[in-house]
Amino acid sequence: MRRNALRTWLFSMLITAAGCHLVTFRGTSTLTQTEIDLMARRVSPSVNVSGSEPELPRVFINTDFVPQAGKTIPVPAGGDLQAAIDQSNPGDTITLQAGATYTGNFMLPAKTGNGWIVIRTSAQDSTLPSPGARMTPDFAAALPRIVSPNSEPALTASSGAHHFRLIGLEFTVAPGVKQTFNLIALGEKQSSLALLPHDLILDRLYIHGSPATTLRRGVLLNSATTAIIDSYISDCHEVGADSQAIGGWNGAGPFKIVNNYLEGAGENFILGGADPKIENLVPSDIEFRHNHCFKPLSWRVGDPGYAGTPWGVKNLFELKNAQRVLVDGNIFEHNWTMAQNGFAILFTVRNQDGDSPWSVVQDVTFSNNIVRRTASAINILGDDDNHTSMMTRRIKISNNLFYEIDGQRWSGAGIAFQIVRGPQHITIENNTVIHAGNIIAVDDRPSKGFIFRNNLFPHNEYGVKGDNRGPGNDTINTYFANSLFKKNVIVGGRAENYPADNYFPPSFDKVFFVDLSGRDFHLASTSPYKNAGTNGKDIGCNFVQLDAAFKGGSMMTKISIVRFNEDRIPPLMITRSFSVLPKRINILTGGINYEFRDQLKHGTSTAD
């Protein structure tokens, strides 16, 4: 089929989808027809949206705990957990004995009614992290252990399962099991929105494999209306295949992934990577905030601490099919070239196996994050170079700190931003980047609507460089024609090679950071670049704003699919504290020794 004909066919499918034909068969559903119809419109790929500003998620999930009104079902050590789940009703609480082990492949079934069923530890709340504080392995004694004895999940949410909340549980694999694919599977291959499990909350869980065995995925996220909060997911790794702490491709969203420690070899978090079974599905309305994505150096071949198994390492965060995504206030740390070329963050649309030409990455806000100790930083792909996809567009990378983007240290190119195959309406603004390679590497396709302002970078050898073009203006005029490129500090660059109204100090000494060697990248009061940006603020990262993002509140609304309409919905802001996060940004900006970093990794530091 020719490309134009395929595009016409695709858009006709989208119009059909708006009439709610995404549901291929009903089966047994726990959603109303109205909810399914409105969800279908919400998760269809948006088309004909004008402007460069990405749309934020339309729905944010409220995970506040609501006290239960039903009965309590205790399951003692050696008790029948599946029987307790089967006999429970909405409003009930199932308590598992703290420290006890429950071995099996358990299932959350679909039930009638919209009250929550809570499955939790019998331990008192005072023995757990408080809500909003992250689980760590230090709390294991207070947690019941749910153990898979084989390659199948310890827990699966069946088609239509809904309104289950898990609190204070440990999930792992039995000794001697060589490979497990998913420890928790929230959906899998449902072919209809009607059959997706939905309204699920994983709250303060400890989910892990072991250092020497294969765990492909901590949580399979193929569901709707799902939150993973305040949890610790580790030792997700595999040789010769991708592995993730959290990954999904067949879930509708909205998803709330907030305040977790995520450790995965292939990708710590990914959406996409296989074609959805649900026609026209794009995972939508994703809140990814306050997480620490980390790869231990024991996984790195050649590192002094290498543990001996060459787990397949790729990147820290990837979107292959997603829209309306907020990535805010996270730490992304440790990534190197191994099974891929070492970029930490990927916005790379993929129609993975050729059966989902509607795949798209669009409306992504990447703000107030720290990306550090990686071979390269961000890679943005315009469209799939293997199969037909929609065009990547409206990506905003704003107010982030990138440092130790070092190709030599981490076996890569040290590139800050790679932009290939012409993605549209990319905005990169107010970032501070300390890197060793190109500022921008671009291939032979132009990108329209490009905005690049108020950033602070070293130029290094090539600066902004496109295929078969000279650095600077030659590349910008060819691949970013009519772009906005101004008020950037390009250390060591040459003014004659770049557009007017940018700055070119000869060295970092002339930038006047507060403490460059100590990695405090605030601009000193003597810096000529204070209040010099297009917005009248400092060029580079605004560290007051970055600090506030790490300390500050959660964005959410009460979840109700039936309240969705096709207009843009401004998110409701509700402040909420996250007590485990550092109080001062100068700690986060690099003055971290390994002892403190490990505290941050485990969510235990409250350092001033």
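Rounded to the nearest 20, the size of the Cβ-charge dipole of the chain about its Cα centre is 720 debye, with Lys and Arg at +1 and Asp and Glu at -1. Approximating the spin labels as points 7 Å out from Cα along Cα→Cβ, the Ala339-to-Ala174 distance works out to 2.7 nm.
Do the alpha carbons of any pairs in Lys256/Lys277; Lys448/Lys551; Lys295/Lys530; Lys111/Lys320; Lys111/Lys295 sit beyond 28 Å of each other, and which pairs? Don't jump to the answer; show the numbers that get you there.
Numbers: Lys256/Lys277 22 Å; Lys448/Lys551 36 Å; Lys295/Lys530 35 Å; Lys111/Lys320 33 Å; Lys111/Lys295 39 Å.
Correct reply: Lys448/Lys551; Lys295/Lys530; Lys111/Lys320; Lys111/Lys295.
Given 25 °C and 0.890 mPa s, how large is the Stokes-Einstein diffusion coefficient of the range 110-151 in µm²/s, with Rh as the Kirkwood radius over Cα pairs?
Details: Rh = 13.0 Å.
After rounding, the answer is 188 µm²/s.
Based on the alpha-carbon gyration tensor of the range 389-492 and its eigenvalue square roots a ≥ b ≥ c, which shape applies: rounded if a/c is under 1.5, prolate if not and a/b is larger than b/c, or oblate?
Values: a/c = 1.41, a/b = 1.31, b/c = 1.08.
Rounded, since a/c falls under 1.5.
For Thr309 and Thr526 in one chain, what is 0.36 nm times their gap in residues minus the Cα-Cα distance, to one decimal in nm?
Details: separation 217, 0.36 × 217 = 78.12 nm, distance 4.98 nm.
In short, 73.1 nm is gained.
With N set to the number of residues, divide the alpha-carbon radius of gyration of the range 45-153 by 2.2 N^0.38 Å and report two decimals.
On the way: Rg = 18.6 Å, N = 109, 2.2 N^0.38 = 13.1 Å.
Expressed relative to 2.2 N^0.38 Å, the Cα Rg reads 1.42.
Each peptide in 448-461, 268-281 gets a packing score, the mean of other Cβ atoms within 10 Å over its residues, and the list from highest to lowest is 268-281, 448-461.
Axis of helix 3-18 versus longest Cα principal axis of the chain: the two differ by about 50°, to the nearest ten degrees.
Annotation: for a label point projected 7 angstrom from Cα along Cα→Cβ of Arg409, residues of the range 286-311 with backbone N closer than 15 Å are 295, 297, 303-304.
Between Asp353 and Phe508, the simple label model (points 7 Å from Cα in the Cβ direction) yields a spacing of 4.7 nm.
Extension gain, Leu297 to Thr103: 0.36 nm times the residue separation minus the Cα-Cα distance gives 66.7 nm.
Please state the shape class of the range 108-198: rounded when a/c is under 1.5, otherwise prolate if a/b exceeds b/c and oblate if not, all from the C-alpha gyration tensor. Since a/c reaches 1.5 but b/c is at least a/b, the shape of the range 108-198 is classed as oblate. Cα centroids of the range 270-284 and the range 410-424: 24 Å apart.
Evaluate the relative contact order of the chain (contact order divided by residue number), counting alpha-carbon pairs under 8 angstrom at least 6 apart; express in whole percent.
Details: 1851 pairs, mean separation 62.6, N = 608.
Reported as a whole number, the value is 10 percent.
For the range 206-335, the relative contact order works out to 24 percent when only alpha carbon pairs closer than 8 Å and six or more residues apart are counted.
Within 10 Å, count the other beta carbons around each residue, average over each peptide in 491-499, 139-147, and list them highest first. Mind showing how you got there, number by number?
Numbers: 491-499: 16.3, 139-147: 19.8.
Result, highest mean Cβ count within 10 Å first: 139-147, 491-499.
For Lys537, the aspartates and glutamates whose Cα comes closer than 14 Å to its Cα, not counting residues fewer than 8 places off in the same chain, are Glu429.
Compute the Cα gyration tensor for the range 195-248, then decide on rounded, prolate or oblate, letting a ≥ b ≥ c be the square roots of its eigenvalues: rounded whenever a/c is under 1.5, prolate when a/b is larger than b/c in the other cases, and oblate in all that remain. Could the numbers behind the result be given before it?
Numbers: a/c = 3.48, a/b = 1.57, b/c = 2.21.
It comes out oblate by the Cα gyration axes.
Normalised by the number of residues in the range 249-401, the mean separation of alpha-carbon contacts (under 8 Å, six or more apart) gives a relative contact order of 22 percent. Please go through the range 302-357 and write out the trypsin sites (Lys or Arg not before Pro) that DSSP classes as loop and that have at most 11 other C-beta atoms within 10 Å. Taking the range 302-357 and a limit of 11 other Cβ atoms within 10 Å, no loop trypsin sites (Lys or Arg not before Pro) are found. Peptide packing: for 257-263, 107-113, the average count of neighbouring Cβ atoms within 10 Å per residue gives the ranking 257-263, 107-113, highest mean first. With a Förster radius of 60 Å applied to the beta-carbon distance between Arg445 and Lys71, the computed FRET efficiency rounds to 0.45.
Of interest is the spacing of the C-alpha centroids, which for the range 514-549 and the range 458-497 amounts to 23 Å.
None of the figures in this text is laboratory data; all of them are computed from the coordinates on show. Quantities reported herein were computed from a predicted structural model and do not represent experimental measurements. Quick reminder, even Gly has a Cβ in these numbers, built from the backbone with ideal geometry, and neighbours come from all protein chains shown.
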